[in-house]
1. Just give me the residues in segment B:100-111 being buried (at least 17 other Cβ atoms within 10 Å of the Cβ) and among the hydrophobic types (A, V, I, L, M, F, W, C), in sequence order.
2. Please determine, by comparing only the residues of segment A:112-153 that are within 7 Å of another protein chain (Cβ to nearest Cβ) and assigned to a loop (DSSP other than H, G, I, E, B), which one is surrounded by the most Cβ atoms within 10 Å (Cβ to Cβ).
3. Is it the case that B:Asp74 is of a type in the set (D, E, K, R), within 28 Å of A:Lys78 (Cα to Cα) and without any contact (Cβ under 8 Å) to a residue 40 or more places away in the chain?
4. Taking segment B:1-40 on its own, how many of its residues are under 18 Å from B:Val102 (Cα atoms) and of a type in the set (Gly, Ala, Ser)?
5. Kindly check whether there is at least one residue in segment A:74-88 that is surrounded by fewer than 18 Cβ atoms within 10 Å (Cβ to Cβ), over 30 Å from B:Ala106 (Cβ atoms) and not basic (Lys, Arg).
6. For the structure I just gave you, tell me whether A:Gly97 is exposed (fewer than 14 other Cβ atoms within 10 Å of the Cβ), modelled with pLDDT under 95, among the small types (Gly, Ala, Ser) and on the phi > 0 side of the Ramachandran plot.
7. For the condition within 14 Å of chain B (Cβ to nearest Cβ) and touching a helix residue (DSSP H, G or I) at 6+ places or on another chain (Cβ under 9 Å), what is the one hit in A:Gly9, A:Gly77?
8. Give the residue, chosen from A:Leu16, A:Leu6, that is part of a helix (DSSP H, G or I) and crowded, with 18+ Cβ neighbours inside 10 Å.
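The values are calculated or read from the model by the stated rules, or taken from the named source; none is laboratory data. All values derive from a computational prediction rather than experimental measurement. Positions of Cβ are backbone-derived with ideal geometry, glycine not excepted, and every protein chain shown enters the neighbour counts.
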Number of protein chains: 2
Amino acid sequence: MAIKILNIGKSKSNYLVKGVEDYLTRLGKYAIVQWVELQDARKKHYKTVDELKKLEADIFLSELKPSTFLIGLDEKGKGFTSRDFAKQLNNWTRENGDIAFVIGGAFGFHDTLYKRMNAKISLSNMTLSHQMVRLLLVEQIYRGYSILNGEPYHND
Amino acid sequence: MAIKILNIGKSKSNYLVKGVEDYLTRLGKYAIVQWVELQDARKKHYKTVDELKKLEADIFLSELKPSTFLIGLDEKGKGFTSRDFAKQLNNWTRENGDIAFVIGGAFGFHDTLYKRMNAKISLSNMTLSHQMVRLLLVEQIYRGYSILNGEPYHND
């Protein structure tokens, strides 16, 4: 069982990089979590936003095994409380083995990627930058595991 | 018109301090935003959690003018989309002049502080650490002003 988190492009703000690293380290005791930052599509390879999204979709899809359960981070996705997210995370990994979260680029996902998704989740009703989604997702996965393990996750 | 953001205790994670600083700097072009980190109550001054919360409430209340419109960050508060939050922010500042946001300590708010609040908001259905709430709040205030000013806030 492994959890993959797929991102397109590097994290730009140094403080968000540090935050993500912090949670990935702490997650190590609970699960195998692979953080993947895929290279942006090069400008010479696309002309339109749709072409860019298709290229990004192809890049993401090349990282997925056919059996991997794919969860997209999407504004229109399902919202959870942290406790319900923990349960859902537990069910997903138990039933599917490998799961992957995918965080889109600035223009969102191409339809081919939407069609591949097995679930869509949203972390807030508010619009979050893709960089902030990265931090919040690892924080909620960490919180989820601490809930599942009955360990209090102090608000520090 | 000024916006005060009241916190109890210092930010502990360096990356979150950097993130908050980043957004406060960027907010400078839109509004006067005062970031206040109040000193934790000292252990010798309280015996129970309720006494601690009461002490924290007194510390917060000493920072508020009677006319200040107070908004508590609370899990049971109202959720917003970023666009609705921008409108609400605009209404609050237009109708009330000075407004203040208050982010609680690890044990939440004392009733005396709840009674002083004019509104309660929640940034997500998920449980967020108080440190994360700090970052997300300044990010959403910044996003709100960029929406109100018709400036695209790129997801960077």
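1. B:Ala100, B:Phe101, B:Val102, B:Ile103, B:Phe109
2. Out of the qualifying residues, it is A:Leu123.
3. Answer is no for this residue.
4. Number satisfying all stated conditions: 4.
5. Yes, the conditions are met somewhere in segment A:74-88.
6. Taking the combined requirement at face value, the residue satisfies it.
7. A:Gly9
8. A:Leu16
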